[in-house]
Amino acid sequence: MNTEAHTELEQGGERFRPQWHFSPEKHWINDPNGLVWFEGEYHLFFQYNPFGDQWGHMSWGHAVSADLLHWQELPVAIPEDERVSIFSGSVVVDQHNSSGFGDDTDAVLVAIYTGCKRVPEGGQAQELAYSLDRGRSWTKYAANPVLDIGLRDFRDPKVFWHGPTARWVMAVVRPDDHVVSFYGSHNLREWQHLSDFGPAGEVGGIWECPDLIEFPSSTNADDGVAAHSRWVLKVDTFAGHPGGTGAQVFVGRFDGTRFIQDSVADEAARTTGMWADHGSDFYAAIAWGNLPAHHAAPVWIGWMNNHGYAKRTPTSPWRGAMSVPRELFLRETPAGTRVGQRPLRALQGLRGEPLQWPTHTLQAGETLVDLGEVDGRSLEIEWSVTTATASEFGLQVRSGPGEATLIGVCRRRGMLFIDRQHSGFVPHAERWAGRREVALEDPQGPITLRVLVDRCSVEVLTGDGAAVLTELVFPADASRALRLYALSGEVQGRLTVWPMAATR
Ligand code: FRU
């Protein structure tokens, strides 16, 4: 490790610690696992190395929350054993004890995960563990594995209850084949193959961590029959995303056996709608299961990192964090149905007293925003631009001598971008460099930019939820300024900045 990186690491333990995103007290994390709501608690399990700040000894770490914002970390839930490491998977509430693991009076939590054999030749298969005490202790099923097709790579089962066919359905990947396989079961212990989806979309890298998410449609008032739900199939790819690794989404329907993708008019429309997040640091997202009725929309969370440099981020003894929880919705566009995202509504509860700049006109050049006492390392920013003649405009966050992270709208090219080339410390130049961008549906129209800045992350969303970019940044601690800028022309808009309360 070079000296610069070493110094960053020493200082970076707590100074990059997210204040309102989940991170573990210590050690390495990657994918969120087993997201489920049960008896008043949201559970967040995660890929965890209980022994260090690099990937290894994969086990399920555990945290619980009453509101998806304040997390209490609990002891390791499912540890690696002599036979297998515990890779990614999901948890279901087995309400009626279909698995037989419960005692017929209380619901049982069942974890379905990939056991990865701890021998040089590897081998992955789906396994079970169950909990009768609200996820505090877990018993591995004695007859594991429950689904083994003899492959070296076969992983990341996401299981949910499918009402119309009255059975459990599992989405699981065959990474090298770029295939999501669906299996069905009545007891979580015996599984029948239902169908396969793929190869499709981006196949430049292996596929990982599928999720199949239902968007129930409202009941048709005329005949009282519920119209077909829409479904989104998400699968991550290890290469091919502009930032390296990323999440691709397919919109379609699921008939209980197979996922049928909507036909997409042309290849350009297919590819622009493909990425859930156009930034480099949103991976392995899955949605919460069993959400209480007050949630009108599915909610997911992703690992805010990238396998390309995750092991070199300058933090210790903890390494890795999650994105903010995001609500998902479907948007109809001329190019087809797209997935929209917005930060969990309850996140607004963390906002402090807003700083407001009502209607203002910004001339070409840079304007320093006077944040007063507000800490520029932890902000939510909303800039609603109503009109602009500028060819490009945007914000600089975590700005200080010689560095800033740029968020801009290039109207000439019709792109929203984030640029961290001068954002501070770079963990791995090759994978870090470059501007991440996404095409805007209406580049000349009004636009609202919502920007979430925590100690080492920037999440950018458009107000309509159409575009999202998530990037890690490691600036100097003193780089806390916020600037607006416009190039060759002016911008009119309204700006609101909230300090964000810490949840830890
Ligand atoms: C994705 C992933 C999964 C696997 C887990 C292992 O980040 O590679 O496919 O189950 O991490 O930690």
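Assorted remarks:
- In the condition set (1) within 16 Å of the ligand (Cβ to nearest atom); (2) surrounded by fewer than 15 Cβ atoms within 10 Å (Cβ to Cβ), ASP177 is compliant with all but (2).
To keep it simple, each residue is scored yes or no on (1) among the β-branched types (Val, Ile, Thr); (2) touching a His at 6+ places or on another chain (Cβ under 8 Å); (3) under 19 Å from ARG494 (Cβ atoms).
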position	(1), (2), (3)
ARG345	no, no, no
TRP357	no, no, yes
THR361	yes, no, yes
GLU382	no, no, yes
VAL385	yes, no, yes
PHE393	no, no, yes
GLN396	no, no, yes
GLU403	no, yes, no
ARG412	no, no, no
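- For region 75-83, the criterion of being open to solvent by 10 Å² or more (accessible area, probe 1.4 Å), away from the ligand (no atom under 16 Å from the Cβ) and part of a strand (DSSP E or B) is met by at least one residue.
- Residue match in region 151-158 (condition: away from the ligand (no atom under 16 Å from the Cβ) and either within 26 Å of the chain's Cα centre (by Cα) or assigned by TED's automatic domain parsing to the domain that holds VAL232 (or both)): no
- Residue that is among the charged types (D, E, K, R), assigned by TED's automatic domain parsing to the domain that holds GLU190 and either surrounded by fewer than 21 Cβ atoms within 10 Å (Cβ to Cβ) or outside any loop (DSSP other than H, G, I, E, B) (or both), where the choices are GLU14, GLU25: GLU25
- Residue check for GLY408: small (Gly, Ala, Ser) and either open to solvent by 20 Å² or more (accessible area, probe 1.4 Å) or not in a strand (DSSP E or B) (or both): no
- The C-beta contact set for region 38-59 (first residue in a loop (DSSP other than H, G, I, E, B), second residue aromatic (Phe, Trp, Tyr) and within 16 Å of the ligand (Cβ to nearest atom), distance under 7 angstrom, 6+ apart or interchain) comprises GLY52/TRP28; ASP53/TRP28; GLN54/TRP28; TRP55/TRP28; HIS57/PHE51; MET58/PHE87.
- Annotation: of all residues in region 349-363 being of a type outside the set (Lys, Arg) and surrounded by 12 or more Cβ atoms within 10 Å (Cβ to Cβ), the one that is nearest to the chain's Cα centre (by Cα) is LEU350.
- Selection count, region 104-124, where residues are away from the ligand (no atom under 14 Å from the Cβ) and under 17 Å from GLY150 (Cβ atoms): 3
- Checking each residue of region 125-141 against the condition of being within 16 Å of the ligand (Cβ to nearest atom), assigned by TED's automatic domain parsing to the domain that holds GLU41 and over 22 Å from ASN290 (Cα atoms) gives at least one match.
- Filtered residues of region 88-103 (kept if within 16 Å of the ligand (Cβ to nearest atom) and either in contact with a Ser or Thr (Cβ under 8 Å, 6 or more places away or on another chain) or part of a loop (DSSP other than H, G, I, E, B) (or both)): SER88, GLY89
- Residues of region 284-318 that are in a strand (DSSP E or B) and within 13 Å of the ligand (Cβ to nearest atom): ALA284, ALA285, ILE286, GLY302, TRP303.
- Residue check for TRP275: under 27 Å from ARG167 (Cβ atoms) and at pLDDT 95 or above: no
- Taking first residues from region 94-117 that are over 15 Å from VAL84 (Cα atoms) and partners that are basic (Lys, Arg), the Cβ contacts under 8 Å between residues at least 6 apart in sequence or on separate chains come to SER99/ARG189; GLY100/ARG189; LEU109/ARG134.
- Whichever residue in region 48-72 is open to solvent by 60 Å² or more (accessible area, probe 1.4 Å) and more than 20 Å from VAL299 (Cβ to Cβ) and, among such residues, is farthest from the ligand (Cβ to nearest atom): PHE51
- Conditions (1) more than 24 Å from GLU208 (Cβ to Cβ); (2) within 13 Å of the ligand (Cβ to nearest atom); number of the one not met by PHE38: (2)
- Taking the numbered list (1) in a loop (DSSP other than H, G, I, E, B); (2) modelled with pLDDT under 95; (3) open to solvent by less than 20 Å² (accessible area, probe 1.4 Å) in turn, MET1 passes all entries but (3).
- Count - residues of region 60-71 that are touching a residue at least 40 places away in the same chain (Cβ under 8 Å) and of a type in the set (Ser, Thr, Tyr): 0
- Which listed residue, of PRO343, PRO292, PRO242, PRO298, is touching a residue at least 40 places away in the same chain (Cβ under 8 Å) and open to solvent by less than 20 Å² (accessible area, probe 1.4 Å): PRO343
- Of all residues in region 301-330 being under 22 Å from LEU406 (Cβ atoms) and of a type outside the set (Gly, Ala, Ser), the one that is surrounded by the most Cβ atoms within 10 Å (Cβ to Cβ): MET304
The values are calculated or read from the model by the stated rules, or taken from the named source; none is laboratory data. Since the structure is predicted, the reported quantities are computational estimates derived from the model, not experimental observations. So basically every Cβ, Gly included, is an ideal-geometry build from the backbone, and we count neighbours across all protein chains shown. For the accessible areas, the whole protein counts, side chains as well, though only heavy atoms, and no ligand, DNA or RNA atoms are used. Shrake-Rupley method; radii C 1.70, N 1.55, O 1.52, S 1.80 Å.
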